[in-house]
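The values are calculated or read from the model by the stated rules, or taken from the named source; none is laboratory data. Quick caveat, the model's predicted, so the values are computed rather than measured. Note that each Cβ is placed from the backbone with ideal geometry, even for glycine, and that neighbours are counted across all protein chains shown.
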Protein chains: 2
Amino acid sequence: MEPNVRTPRARPILDMNAYDAAGAAAGPAGSLLARRQANIGAASVLFYREPIEMVSARGCWMEAADGRRYLDFYNNVPSVGHAHPHVVEAIARQVSVLNIHTRYLNRWTEDYLDRLKATLPAALSNVVLTCTGSEANDLAMRIATEATGGQGFVVTEAAYHGNTLAVTGISPSALKRGALPTTVETVPAPGSAAYGNDVAGGFRAAVEGAVQRLAGRGVAPAALICDSIFSSDGVFADPPGFLAPAAQAIRAAGGLFIADEVQPGFARTGAAFWGFARHAVTPDIVTMGKPMANGYPMGGVAASPDLVARFCETVGYFNTFGGNPVAAAAGLAVLDVMEAEGLQENARVVGVHVLDRLRALSAQDPRITGVRGAGLFIGVDLCRPGDPGQPDPELTTTVINGLRDRCVLIGAAGRYGHTLKVRPPLCLTREEGDLFVDALADTLASQPPA
Amino acid sequence: MEPNVRTPRARPILDMNAYDAAGAAAGPAGSLLARRQANIGAASVLFYREPIEMVSARGCWMEAADGRRYLDFYNNVPSVGHAHPHVVEAIARQVSVLNIHTRYLNRWTEDYLDRLKATLPAALSNVVLTCTGSEANDLAMRIATEATGGQGFVVTEAAYHGNTLAVTGISPSALKRGALPTTVETVPAPGSAAYGNDVAGGFRAAVEGAVQRLAGRGVAPAALICDSIFSSDGVFADPPGFLAPAAQAIRAAGGLFIADEVQPGFARTGAAFWGFARHAVTPDIVTMGKPMANGYPMGGVAASPDLVARFCETVGYFNTFGGNPVAAAAGLAVLDVMEAEGLQENARVVGVHVLDRLRALSAQDPRITGVRGAGLFIGVDLCRPGDPGQPDPELTTTVINGLRDRCVLIGAAGRYGHTLKVRPPLCLTREEGDLFVDALADTLASQPPA
């Protein structure tokens, strides 16, 4: 097994494909790029060596200011398709009628919660709505801390759970320097090489080891929190069921199991509406965000009434914008579209097609050392030819920019930043899937191994 | 001076006017109230002994399911008026064109930031956009910690700065039990009785004392953070300038001064676009939220490029929904409306009118022991007749529910929950202001002193 990782890498994965302001001109005075750098400064994170100005988007396609149209294989927020007319109409209608906090009753919020809860395990019958996945994970950490009395968290070694102070502490992939809090321990992601063929048993043992390391520092565990498709770790989905023994292990140690569904939730994995459902485990807490309202800011935490009540004894929770009627209307429209257009089944079927084509490409190109995923969330490892032990993040960055030149948008993930992160809107067609694989093949062909 | 307060009161101010689920029936099975309690559980916070179901809103008025129309004197989010057509149109148009994160360039976000920055001190030329004021304050705390190396925060004793783990720690008004973190010290709000006639000097001395108490625990200060109109403390606006010496004091001790403009910002105080501007002080960091996009979730942090750059050396910041083109379009529309309708001047003029009428009422009713504020943010203290030393939160709750019966929406604030918090949309007319004061007079007349 790989050594425990508690220190950051030189370059956070989030920045793998970043425009490098220090290494490039900011653009001519008055240009959009120059204004951007002046407005947001060092906190500006732009994609690509040459950033793209977007002007519109529809379905799986985005249009840039220079008239080029890009196939979106990156953005998992506009999950039912960019600017879907049903969602647009729901937002436009509701914002003209009522947009207010939830301290008054309104039927839209409860209609949404009833619909959302029908997708969740019955035990998780309370849902607290937030505006972002970060807020949801921040709240989930506090619920777990109150419920267990523990302060410790176990996370995977390239996890990303958000951007507040608390959730940054459980997001090793976001750290540029310094170390994680002493209340946090990391484990290799299940499915990574660390565990060989016994993914479920290896991951359980790793979680038990992390709990012991925490105990060695006098820290009791509050929770194991996992993105149930391990997006930032590099996309690990198989074999189904590998999460269940680890969830048992953290519970045996007095902690909770939190499923972070911000990325895999809302039908993306094709096989199920929630990522955890593929693993035959019922989490103690489920958090959600990104695709929930197709881009309208919305997140949420589902838990049992008992957990919510125990948290509310000490602090309680109110979010001014969380669960407002416009968010609820947008969220309802997303569920409508997913059902009407069969997007979970589409994600499954088109996902299998893209996976098959990528595996065929992998058989021809030894630099593709791994292809895996579920539904429309797929990871593609790029390494030195034929050697999965030698990740090639430089090639990955080159491929991402090469795909940009071929009008396909994509990003990277993984502890070494060498995994292409494939996650188009769920309305993707087979033909659009083919366009991506063809563009990837063409890009790789234009970059022969040194 | 009052003793230092680091322990919570029995009932958080946020809950002063809460529907008491434990003490009332949840409504008939299938009712909206019963569904709400089942959906959100203990985290549900509803206003009023009998919660109101809202169905629509326009301008300063909200319509309930039973057909009654309520004059909104509570909600400072729909600041240019509920469902303002210009904002509605901007959101509807933009959501149909493009709604995406800021890792691609888009002109709407930069157009908004250019407009927003024109309202801010020139030194604070970087703005990082978030979805909520809580996220903004959470980020501001981390920027201050990175910049100073200190971990300590000084806040007022009934402050509220948001709902993440970190900002809950600097929000004494949100605590139900337990104690604040040892890195946090509280001071009485400036303008409260604690300081007598020397508000500026007393507040400076109190901040210096808090820094000394932190030092006694080995904690260096990161920042003094103040809501610049002290909303949750009970609304303290005068005399203008009282913040400047305290800001000097925290800087002399190595900390920063953070102005939390989530409530007073965006023209509410009438005299200025930002609350801090009345105090002749330039903050090191300004945070904003609530009215920024009239209800579309949006927040932000303004700081110098140097502070932002130092923070980004360690972590950096990216917010999936923050600063998206729809939020930007909504924010731009809010600034358009404020300018076109002269809302800052309206807040000033109508605010003076409401203040004058409330003071006249106070002269007739000895239970009103204080009336103060700026623009359309006014606090009205209710106490035992003629005795400002005996706050009467029970009367305050009765008055809030009495105003509800008279179709006026209002809330409470203050360390003892005895201050009516008056903050209608900024488009309020004199006649609507009169309706409120008349309803308050009628409510008080119906509740003669015991």
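Given the options A:334, A:308, A:301, name the one that is hydrophobic (A, V, I, L, M, F, W, C) and either over 20 Å from the mean Cα position of the chain (by Cα) or not assigned by TED's automatic domain parsing to the domain that holds residue A:138 (or both). Reasoning before the result, please.
Numbers: A:334 fails: either over 20 Å from the mean Cα position of the chain (by Cα) or not assigned by TED's automatic domain parsing to the domain that holds residue A:138 (or both); A:301 fails: either over 20 Å from the mean Cα position of the chain (by Cα) or not assigned by TED's automatic domain parsing to the domain that holds residue A:138 (or both).
Unique residue meeting the criteria: A:308.
Name the pairs whose Cβ atoms lie under 9 Å apart, with the first residue in the range A:316-341 and within 14 Å of chain B (Cβ to nearest Cβ), the second charged (D, E, K, R) and part of a loop (DSSP other than H, G, I, E, B), and 6 or more positions between them or separate chains?
A:316/B:176; A:318/A:103
Give the residue that is surrounded by the most Cβ atoms within 10 Å (Cβ to Cβ), with candidates limited to residues of the range B:187-202 that are closer than 14 Å to residue B:372 by Cβ and of a type in the set (A, V, I, L, M).
B:189
Scan the range B:154-165 residue by residue and report those that are within 12 Å of chain A (Cβ to nearest Cβ) and either crowded, with 24+ Cβ neighbours inside 10 Å or outside any helix (DSSP H, G or I) (or both). Write out each step before concluding.
Restricting attention to the range B:154-165, the residues satisfying the condition of being within 12 Å of chain A (Cβ to nearest Cβ) are B:160, B:162-165.
Residues satisfying the conditions are B:160, B:162, B:163, B:164.
Pairs needed: first member in the range B:28-53, within 7 Å of another protein chain (Cβ to nearest Cβ) and in contact (Cβ under 8 Å) with a residue 60 or more places away in the chain; second member anywhere, in a helix (DSSP H, G or I) and not β-branched (Val, Ile, Thr); C-beta distance under 8 Å; at least 6 residues apart or different chains.
B:52/B:404
Out of all the residues in the range A:111-129, which are over 22 Å from residue B:132 (Cα atoms) and either facing another protein chain (nearest Cβ under 8 Å) or assigned to a loop (DSSP other than H, G, I, E, B) (or both)?
Residues satisfying the conditions are A:114, A:117, A:118, A:119, A:120, A:121, A:122, A:123, A:124, A:125, A:126.
Do any strands (runs of 3 or more DSSP E) lying entirely in the range B:221-332 carry at least 2 residues that are under 30 Å from residue A:329 (Cβ atoms), and which ones are they?
B:285-288, B:299-303
Does the range A:60-80 hold any residues that are in contact (Cβ under 8 Å) with a residue 40 or more places away in the chain, more than 8 Å from every other protein chain (Cβ to nearest Cβ) and closer than 23 Å to residue A:17 by Cβ, and which are they?
First, the residues of the range A:60-80 that are in contact (Cβ under 8 Å) with a residue 40 or more places away in the chain: A:60, A:62, A:68-80.
If we keep only those that are more than 8 Å from every other protein chain (Cβ to nearest Cβ) as well, we get A:60, A:68-74, A:76, A:79-80.
A:60, A:68, A:69, A:70, A:71, A:72, A:73, A:74, A:76, A:79, listed by residue number.
Return yes or no: is residue B:445 small (Gly, Ala, Ser) and either buried (at least 20 other Cβ atoms within 10 Å of the Cβ) or out of contact with any helix residue (DSSP H, G or I) (no Cβ under 8 Å at 6 or more places or on another chain) (or both)?
Working: small (Gly, Ala, Ser): yes; either buried (at least 20 other Cβ atoms within 10 Å of the Cβ) or out of contact with any helix residue (DSSP H, G or I) (no Cβ under 8 Å at 6 or more places or on another chain) (or both): yes.
It is true that residue B:445 is small (Gly, Ala, Ser) and either buried (at least 20 other Cβ atoms within 10 Å of the Cβ) or out of contact with any helix residue (DSSP H, G or I) (no Cβ under 8 Å at 6 or more places or on another chain) (or both).
Could you tell me which residue of the range B:290-315 is farthest from residue B:135 (Cα to Cα), considering only residues that are in contact with a Gly (Cβ under 7 Å, 6 or more places away or on another chain) and without any contact (Cβ under 8 Å) to a residue 60 or more places away in the chain?
B:309
Provide a single number: the residues in the range B:138-151 that are facing chain A (nearest Cβ under 10 Å) and under 18 Å from the mean Cα position of the chain (by Cα).
Number satisfying all stated conditions: 3.
Given the criteria in contact (Cβ under 8 Å) with a residue 12 or more places away in the chain, crowded, with 20+ Cβ neighbours inside 10 Å, more than 20 Å from the chain's Cα centre (by Cα) and assigned by TED's automatic domain parsing to the domain that holds residue A:71, does residue A:408 qualify?
Numbers: in contact (Cβ under 8 Å) with a residue 12 or more places away in the chain: yes; crowded, with 20+ Cβ neighbours inside 10 Å: yes; more than 20 Å from the chain's Cα centre (by Cα): no; assigned by TED's automatic domain parsing to the domain that holds residue A:71: yes.
The answer is no for residue A:408.
State which residue pairs qualify: first residue farther than 25 Å from residue B:428 by Cβ and inside the range B:259-287, second residue acidic (Asp, Glu) in any location, beta carbons under 7 Å apart, and separation of 6 or more residues or different chains.
So the pair list comes out as B:286/B:261; B:287/B:260; B:287/B:261.
Tell me which residues, restricted to the range A:343-359, are free of Cβ contacts under 8 Å to residues at least 60 places away in the same chain and over 22 Å from the mean Cα position of the chain (by Cα).
Within the range A:343-359, A:356, A:359 meet the criteria.
Can you confirm whether residue A:289 is touching a Pro at 6+ places or on another chain (Cβ under 8 Å) and under 15 Å from residue A:161 (Cβ atoms)?
So residue A:289 does not fit the description; no.
Pairs please, first residue from the range B:169-193 and on the phi > 0 side of the Ramachandran plot, second anywhere and part of a helix (DSSP H, G or I), Cβ atoms under 7 Å, 6+ apart in sequence or on different chains.
Every condition considered, the pairs that remain are B:178/A:314; B:191/B:199.
Output the residue which, of all residues in the range A:349-388 that are over 18 Å from residue A:234 (Cα atoms) and touching a strand residue (DSSP E or B) at 6+ places or on another chain (Cβ under 8 Å), is modelled with the highest pLDDT.
A:361
I want to confirm something. Restricting to the range A:166-194 and keeping residues that are more than 16 Å from residue A:224 (Cα to Cα) and of a type in the set (Ser, Thr, Tyr), which single residue is nearest to the other protein chains (Cβ to nearest Cβ)? I'd like the intermediate steps shown before the answer.
Step one: filter the range A:166-194 for residues more than 16 Å from residue A:224 (Cα to Cα), giving A:173-179, A:191-194.
Next, from what is left, pick out any that are of a type in the set (Ser, Thr, Tyr): A:173, A:192.
On the way: A:173: 11, A:192: 24 Å.
So the residue we want is A:173.
Can you tell me how many residues in the range B:268-303 are within 14 Å of chain A (Cβ to nearest Cβ) and not β-branched (Val, Ile, Thr)?
Total meeting the criteria: 15.
Can you tell me which residue is farthest from residue B:97 (Cα to Cα) among those in the range A:89-110 that are facing chain B (nearest Cβ under 9 Å), not charged (D, E, K, R) and not in a loop (DSSP other than H, G, I, E, B)?
If we take residues in the range A:89-110 being facing chain B (nearest Cβ under 9 Å), not charged (D, E, K, R) and not in a loop (DSSP other than H, G, I, E, B), then A:105 is farthest from residue B:97 (Cα to Cα).
Output the qualifying pairs, or none if there are none: Cβ atoms under 6 angstrom, residues six or more apart or on different chains, first residue in the range B:137-165 and farther than 19 Å from residue B:298 by Cβ, second residue among the basic types (Lys, Arg) and not in a loop (DSSP other than H, G, I, E, B).
B:146/B:310; B:147/B:310; B:165/A:142
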